[in-house]
Amino acid sequence: MNMTNVKQPFIERHIIMTPGPVEVHPNVLKAMQSPIIGQFDEKFLSLMDETMEMTREIFQTKNHWAYPIVGTARAGIEALLSATLEPGDKAYVPIFGRFGHLIAEIAKRTKANVHTSEIPLGEVYSFETLKKEIDASNPKVVAIVHGESSTGMMQPLKALGKYCQKQGIILIVDAVATIGGTDFKMDEWGIDGAITGSQKCLAAPAGMALISYNKKIESIINAREKYDQGLDPNSINDRMISSNYLDLSQLQAYWSPKRLNHHTEATSMLYAVHEALRLTLEEGLDKSIKRHTLNMNALSEGLKAMGLHAFGDKTNHLPTIKCFYIPKGIDSVAFRQKLVNDYHIEIAPGFGPLKDNVWRIGALGYSSRKQNVLILLNAIESLLLYYGASINTGKAFLAANKVYKK
Ligand SMILES: Cc1ncc(COP(=O)(O)O)c(C=O)c1O
C-alpha cells in the first residue's frame with residue numbers, strides 16, 4: 001500500500017441525534033486514554049467490582065450478577081439466550097419491530113423451538129395478547145424488547161413480568177434503548193435477565209453489553225458450566241453452552257473471585273463503561289431519566305410546532321427515540337446528507353417498511369442536551385425550507401423553549 005495517501009483520520013465534532021451510537025461524554029473519552037494495565041492487576045480488579053456495583057444500580061436490581069461483556073448489545077442478548085435456551089426448549093418472542101426480529105433470530109440459532117407473534121409497526125402489545133400467546137405456547141423463556149428503537153415504541157412490562165413470575169417462566173428483556181434514559185425496574189417488574197449497550201443512554205462508545213440476571217438464570221448457567229480444556233482438563237459437560245466467547249458460565253467465573261482467565265478484557269472499554277456508569281450515578285439515575293424525558297419532549301413539541309407528525313401509538317412513545325413522518329416531497333437521503341454536510345448533525349432513517357416514511361430521532365446519553373435539541377430544531381427548519389417543504393416557520397424554537405421554561 002502506498003502510505004503517502006493514507007492519512008490519520010480527522011473527525012470533526014458531530015452532533016448525533018440518532019438512536020445510537022451517541023456522542024461520548026468527554027470524561028468517558030478522557031478515561032479511555034488511561035494507560036493499559038493487566039487485567040488481574042489489583043487496580044483493575046477494583047474497577048471491575050465497582051463496575052458490577054454500579055451496573056446493579058442502573059438496572060435497579062439486587063441481583064449479584066450484573067456486569068459488562070465484551071461485544072455490542074446483541075452479544076448480551078446472545079449470551080443470555082444461549083445460556084437459558086437448549087435445543088428443543090420452547091421460547092416465545094413477541095415482535096413489534098426490527099429488534100424483536102433480532103431476538104427471534106438469535107433464539108432460533110440456539111435450536112430452541114421459537115414461537116413468535118407480530119403486531120403492526122407503531123404499536124405495542126396489550127398484556128391480554130401476550131398472556132394469550134404465552135398460555136398457548138407454554139414457553140420456558142419469553143424474550144422481548146422494552147424500547148423498540150426501530151419504531152420509537154416502549155412496551156409496558158410490569159404485568160408481563162408478574163405473570164411470567166407466577167407461571168415460572170423466564171423473562172429476558174432487551175433494555176438497550178431504555179436503561180439510564182427511562183425507568184427500568186428489573187426486580188420490581190419481575191424481570192429475570194436484561195441487557196443494555198454501552199453506546200446508548202450511558203454515552204460510552206459501542207463495544208460492551210451490560211447484563212444482569214437473577215438466581216433462576218444462574219442455576220441454569222451453573223448446570224451448564226464448562227471451562228476451557230486448557231484451564232481445566234476435567235471440565236466436561238454435555239449441556240455446555242454452544243458459544244465459547246459468550247459462555248456465561250466462564251464469564252461469571254471471570255467476574256467472580258475465581259477470576260477465571262477466559263478472555264483478554266477490553267481494558268479501555270472497561271474504563272469507558274466504569275466512567276459512564278459513574279457519571280450516570282453522579283448525575284443521579286432519576287435525574288438522568290428526567291433529562292431524557294425533558295429533552296425528548298422539547299424536541300417533539302418543536303417538531304410538532306413545525307408541522308411534523310410523530311409516528312405510532314402516542315401513549316407508548318419512547319422518551320429516548322421517536323419516529324417522525326418525513327414531510328411530503330422531501331428526499332430523505334439527500335436531506336440527511338445535507339444535515340451532515342452543513343450542520344454536522346446526524347439523524348437516522350427508518351428501517352424496513354418505514355425506510356422512506358420516517359426519520360428516527362434520538363436524544364440519548366450525552367446527546368440528550370438542550371443545546372443539541374435547539375440546534376437540531378433550527379437546522380431541520382432551515383433545511384426543510386431550503387427543500388421547499390410546507391412547514392410552520394418560527395414556531396419550533398419557541399415551542400421547545402416553552403417546554404424548558406416549565
Ligand atoms: C433495541 C435494540 N436492541 C438491540 C440492538 C443491537 O445492539 P448492537 O448494535 O449494539 O449490537 C439495538 C441497536 O441499535 C437496539 O436499539
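Read-outs throughout are calculated quantities, based only on the coordinates presented, and are distinct from any laboratory measurement. Predicted model only: the values in this text are computed from it and were never measured. Heads up, the Cβs are rebuilt from the backbone with ideal geometry, glycines too, and the neighbour counts pull from every protein chain shown.
Ordering Tyr125, Gly100, Ile37 by the projection of their Cα atoms onto the charge dipole of the stretch 2-161, which places +1 on the Cβ of Lys and Arg and -1 on the Cβ of Asp and Glu, puts Gly100 at the extreme positive end.
Relative to the present Cα-Cα distance, how much length would full extension add between Ser34 and Leu231 at 0.36 nm per residue of separation? Let's see the in-between values first.
Details: separation 197, 0.36 × 197 = 70.92 nm, distance 3.03 nm.
This chain segment gains 67.9 nm when fully extended.
Between the helical axis of 73-84 and the dominant principal axis of the chain, each derived from Cα atoms, what acute angle in degrees is found, rounded to the nearest 10? Helix 73-84 sits at roughly 30 degrees to that axis. Annotation: for a label point projected 7 angstrom from Cα along Cα→Cβ of Leu398, residues of the stretch 267-299 with backbone N closer than 19 Å are 298-299. In the calculated pair-distance distribution of the chain, the portion above 26 angstrom amounts to 55 percent of the Cα-Cα pairs.
Calculate the dipole size of the chain relative to its Cα centre from +1 charges on Lys and Arg beta carbons and -1 charges on Asp and Glu beta carbons; express the result in debye to the nearest 20.
Numbers: 45 positive and 41 negative charges, 209 e Å.
Here the chain has a charge dipole of around 1000 debye.
With runs of 4+ DSSP H residues as the only contributors, calculate the mean residue ellipticity of the chain at 222 nm using -39,500 (n - 2.57) per run, divided by the residue total and rounded to the nearest 500.
My calculation for the chain gives -12500 deg cm²/dmol from helical runs alone.
Dipole of the stretch 283-406 computed with +1 at Lys/Arg Cβ and -1 at Asp/Glu Cβ about the Cα centre; of Asn378, Gly352, Ala389, farthest Cα towards the positive end is Asn378.
3J(HN,Hα) along the stretch 165-176: 4, 4, 8, x, 9, 7, 10, 10, 10, 7, 10, 4 Hz, from the Karplus curve 6.51 cos²θ - 1.76 cosθ + 1.60 with θ = phi - 60°, whole Hz, x for Gly and Pro. Placing dummy labels 7 Å off each Cα toward the beta-carbon, the span from Leu45 to Lys111 is 3.8 nm. Seen against the Cα atoms of the chain and their longest principal axis, helix 285-306 is set at about 30 degrees. Distance from the alpha carbon centroid of the stretch 181-214 to that of the stretch 29-102 works out to 8 angstrom.
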